[in-house]
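Any read-out appearing in this document is the output of simple, stated calculations on the displayed coordinates, not a laboratory observation. Computed from a prediction, not measured in an experiment: that's the story for all the values here. Neighbour counts are summed over all protein chains in view; Cβ atoms, including those assigned to glycine, are modelled from backbone coordinates with ideal geometry.
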Amino acid sequence: MISRQRNARPSKVPDLTLPDDTTLRAWALAYLRHAPMSLTLREVNRLVAIEALGPVEGATLDVGCGDGYWWTLRDHAGQSIYGIDISAREIAQAKQRINAELTDVSAEQPFPDQRFAQIIGNCSLEHVPDIDAALANLRASAAPGARLVMFVPTPQWAYQGRMQSLLLKHLPRVAMTVAGAMNGFFQHWHLYDQKVWRRLLAQNGWKVDSVLGLGSQRSEFLFRMFMPPAFLQFIAKKATGHYPAKLYKYLPDAALAPLTKLVSWAVQDPLVPPDSPHAYEYMIIASCGEVQPL
């Protein structure tokens, strides 16, 4: 599935084999029938990034797995996929796709009888108030040499976009108010520079191997352009358990082709240096040594 090597990469980003356009469009089409456009852009970006890292042997834990939809688009043959979330409604859907349990990672160790070769936090750990407890519980769940992959927003993500740039220049208080409202809506408890994340992880038994940024000017432009209808879809999901985008399954592929092409165009080469002005998220890759016995 991953077949194309792109060589024109920023100096701080290693060469990684990224998905071809056919794969990107397939992911985009599937996600557009599941979630709003803005979320589709973000999730496809993360799919590109995690697939570029390559697989691991052993069980994987998805922290904040939501409805588990992510795993319907990934080839995880031979892997055991586990997921946790604090939403009973989301877990009920996830159980149809992966081995999922209702768990608060800051209060208890997930699947205490299981050790994981890979732990993924797909934009979830920034929503956990007690981050130290969460990271410690994940460390206790890790197999020797396990890989932790975290996607977390950068501190400046809510200041990106043309409108915010204009406000920062002329009305910085208003820009800060808008950023605060956005972070409050998404319940971001932790918005840290990568140096702070490194210290937090280190004090809880993790060693950061590398930090990459996700983002581009075109994907950010589209994300913000489609954000207003996405807010409405988020609210609808809270009420019904599903995004209204689910109704797109009744549309033929051809009807969604313009949007799938737009997503594919927007997420080309999404990996950037972590200090790039277009990095809206960090992808933090960490590892651990020996783990405490069961």
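Key figures for this structure:
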{"item": "Fully extended contour minus Cα-Cα distance, from Phe231 to Ala107, at 0.36 nm per residue", "result": "41.7 nm"}
{"item": "Two-site label geometry, Lys238 and Leu166: point separation in nm, points 7 Å out along Cα→Cβ", "result": "2.9 nm"}
{"item": "Least to most buried among Ile86, Ile98 (fewest other Cβ within 10 Å first)", "result": "Ile86, Ile98"}
{"item": "Extension gain, Ala140 back to Tyr250 (0.36 nm per residue minus Cα-Cα distance, nm)", "result": "35.1 nm"}
{"item": "Gain in span if fully extended, Gln156 to Ala88, counting 0.36 nm per residue against the direct Cα distance", "result": "21.3 nm"}
{"item": "About the Cα centre, charge dipole magnitude for the chain (Lys/Arg +1, Asp/Glu -1 at Cβ), debye", "result": "920 debye"}
{"item": "Under 25 Å from Lys249, Cα to Cα: lysines that are on another chain or at least 8 residues apart", "result": "Lys95, Lys237, Lys238, Lys261"}
{"item": "Sequence-separation-based contact order of the chain, relative, with Cα cut under 8 Å and 6+ spacing, percent", "result": "25 percent"}
{"item": "Beta bridges per DSSP with both ends in the chain, % antiparallel, nearest 5", "result": "50 percent"}
{"item": "For Ser106, Ser287, order by how many other beta-carbon atoms lie within 10 Å, fewest first", "result": "Ser287, Ser106"}
{"item": "Dipole in debye (nearest 20) - segment 164-251, about Cα centre, beta carbon charges: Lys, Arg +1; Asp, Glu -1", "result": "80 debye"}
{"item": "Shape call, the chain: gyration tensor on alpha carbons, a/c limit 1.5", "result": "rounded"}
{"item": "Ile285, Ile119 arranged by Cβ crowding within 10 Å, fewest neighbours leading", "result": "Ile285, Ile119"}
